[in-house]
């Protein structure tokens with residue numbers, strides 16, 4: 001059970017990203033972390049911020065780093081087939097950050113698409129690097145890295161949500177954190193404690 005606990009917590013953190021991060025009676029106004037990042041990128045306050053689209057960056061960076069944590073965790077699996085399956089899942093998570101195809105054809109100057117491309121590329125490169133070099137990274141290092149990265153994801157996501165709250169309220173809408181952010185942050189906190197506890201025992 002103890003070996004399954006980190007995987008359960010990490011899975012819950014990923015699921016939380018796809019659940020509403022802002023609650024609203026209307027389902028269309030209850031975005032998950034990715035949709036919230038896209039929504040705030042259209043807000044005038046986001047374009048006027050310094051740097052531009054900081055809120056979207058925080059939310060997307062949190063999701064991208066979660067993909068990297070998944071790749072780190074995969075390297076701790078003993079079965080090669082299981083490692084490959086989880087690395088593939090981490091790669092898919094990173095790829096979801098990429099902009100639509102029009103970025104590569106007619107919208108290369110769009111700052112929002114550029115941000116998505118940079119963060120998506122960074123996540124994918126890190127996932128591939130971890131997959132290729134996993135055997136050369138000690139298990140203890142992987143555990144420490146994952147344990148430290150998890151609260152960073154929580155901080156980035158929470159910071160982005162606080163920034164988004166100001167934009168939601170500026171439109172005269174009520175703001176209530178959704179179940180997704182609560183599930184993700186709580187799961188990441190417990191995941192970090194579990195990873196670091198295991199490392200300290202070895």
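The values are calculated or read from the model by the stated rules, or taken from the named source; none is laboratory data. This one's a predicted model, so the numbers in the text were calculated from it and none came from an experiment. Backbone-built Cβ (ideal geometry, glycine too); neighbour counts: all protein chains shown.
The criterion of at least 1 residues that are surrounded by 14 or more Cβ atoms within 10 Å (Cβ to Cβ) and at pLDDT 75 or above is met by the following helices (runs of 4 or more DSSP H) wholly inside the range 1-58: 5-18, 33-41. Applying a threshold of 8 Å to beta carbon distances and a minimum spacing of six or more residues, or different chains, the list of pairs starting in the range 162-186 at a residue that is in contact (Cβ under 8 Å) with a residue 40 or more places away in the chain and at negative phi and ending at one that is in a helix (DSSP H, G or I) and exposed (fewer than 13 other Cβ atoms within 10 Å of the Cβ) reads 175/169.
State whether one or more residues within the range 71-80 are under 13 Å from the mean Cα position of the chain (by Cα) and either more than 20 Å from residue 181 (Cβ to Cβ) or part of a helix (DSSP H, G or I) (or both). I'd like the intermediate steps shown before the answer.
Filtering the range 71-80 down to residues under 13 Å from the mean Cα position of the chain (by Cα) leaves 71.
From what is left, the residues that are either more than 20 Å from residue 181 (Cβ to Cβ) or part of a helix (DSSP H, G or I) (or both) are 71.
Yes, because at least one residue in the range 71-80 is under 13 Å from the mean Cα position of the chain (by Cα) and either more than 20 Å from residue 181 (Cβ to Cβ) or part of a helix (DSSP H, G or I) (or both).
Residue by residue, here is whether (1) out of contact with any strand residue (DSSP E or B) (no Cβ under 8 Å at 6 or more places or on another chain); (2) more than 30 Å from residue 197 (Cα to Cα); (3) crowded, with 16+ Cβ neighbours inside 10 Å holds:
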{"position": "82", "(1), (2), (3)": "yes, no, no"}
{"position": "85", "(1), (2), (3)": "yes, no, no"}
{"position": "114", "(1), (2), (3)": "yes, yes, no"}
{"position": "133", "(1), (2), (3)": "yes, no, no"}
{"position": "147", "(1), (2), (3)": "yes, no, yes"}
{"position": "156", "(1), (2), (3)": "yes, no, yes"}
{"position": "160", "(1), (2), (3)": "yes, no, yes"}
{"position": "169", "(1), (2), (3)": "yes, yes, no"}
